[in-house]
Amino acid sequence: MAIDALHRTLGVHRVLEPPGVLPQAATRLDPDPRIGPDEVRIAVSRLNLDAASFRQLSEAHGGDGDAVRAAVLGIVESRGKMHNPVTGSGGMLVGVVEEVGPRSPLGLVPGDPVATLVSLTLTPLRITDGLARWDGRGEQVPTSGTAILFARSIAAVLPDDVPQQVALAVLDVCGAPAATERVVHRAGHRPSVAVLGAAGKSGCLSLAAARDARAGRLVGVVRDATEATALRAAGLADDVVVADATDPLAVAAAVGEPVDVTVVCVDVPGAEHGAVLATAEGGTVVFFSMATSFSAAALGAEGMAADVTMLVGNGYTPGHAALALDLYRRTPGVRALIDPRVAR
């Protein structure tokens, strides 16, 4: 493929600063709603901020919804995308396809209700309503505006049988259960699995995926008694334990016998060392939190002489959207944990 054509498929032509980087690494994108021949314009109806980003913004502004709203609007206006400069993360969105370039390979048509399956950190985004309908107190952000998809972007047409807000919440984390399923399959016969942040969206879906993949012992690690009660009622884990994910010794003690696979779904930094300690020699840790520090994970494992494989969770696995929605549909425990979060 010619370099110019590759630039277009990856969205490099939308990068304003600095030159020569891909859209995710850019500090500023061009969100012009006029599309190129292989682009798609989405009329945005709702954003879903990733958990780490929303937590950071909320804590930075003392839970002041107005200040959080202003901060998000400022990021989008200055960067041409929703890319939290502190966490480096964004989220995803839903909307309706408004216009499709004649050479777009995405198979979308105007009028399709879609969820984008690529990060807001690389999606050109323009907000036109000042976020006037959002109170700044939840991850889901009702709004109006436009977003641009490239030829190499990914989007899923929203299903008719799942409420849009629920579909947005599930699809925002659909990479986690797909990666968990793949790792469990590859780990061998009925591996034991621990999920940190097990009562959250990605955590409960990962537990359900591990069960489907014929995992052995399933351990759900949660932060407090309230989450423990909810996770036990959901019936997704064999053992439910309470521990501060940022306290390595507490995590190791709570999990007990080290597991073959540990999946990290917490939305706070500092969970790297506990995840490594909870994992058996020769096991695998999957970091599916945008709060993960690569240096803390790598150097911490080295310092513990821990022979574990560490994987950075890739938000894309073939079939990940369909798998996550299917788990939601047929797993009552997943619905019991996700639906109340969406309703808040």
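The values are calculated or read from the model by the stated rules, or taken from the named source; none is laboratory data. These figures come from a predicted structure and were not determined experimentally. Neighbour counts run over all protein chains shown; Cβ positions are idealised from the backbone, glycine included.
When only residues in the range 11-49 that are touching a strand residue (DSSP E or B) at 6+ places or on another chain (Cβ under 6 Å) and among the polar types (S, T, N, Q) count, which is farthest from G130 (Cα to Cα)?
T27
List the number of the failed condition for G138; all other conditions in (1) small (G, A, S); (2) buried (at least 24 other Cβ atoms within 10 Å of the Cβ); (3) under 18 Å from the mean Cα position of the chain (by Cα); (4) not assigned by TED's automatic domain parsing to the domain that holds P248 hold.
The single condition G138 does not satisfy is (2).
Condition check: buried (at least 24 other Cβ atoms within 10 Å of the Cβ), at pLDDT 95 or above and over 18 Å from the mean Cα position of the chain (by Cα). Does R14 satisfy that?
So R14 passes the test.
Pick from the range 178-199 the residues that are among the charged types (D, E, K, R) and touching a residue at least 60 places away in the same chain (Cβ under 8 Å): which of them is nearest to L325 (Cα to Cα)?
Taking the candidates together, the pick is E181.
Step by step: first the residues of the range 235-291, then only those that are assigned to a strand (DSSP E or B) and not β-branched (V, I, T), then the one that is farthest from A306 (Cα to Cα). Which residue is that?
Only one residue fits best here, namely D239.
Can you work out which of the residues in the range 193-241 that are within 20 Å of the chain's Cα centre (by Cα) and among the hydroxyl-bearing types (S, T, Y) is farthest from D260 (Cα to Cα)?
S202
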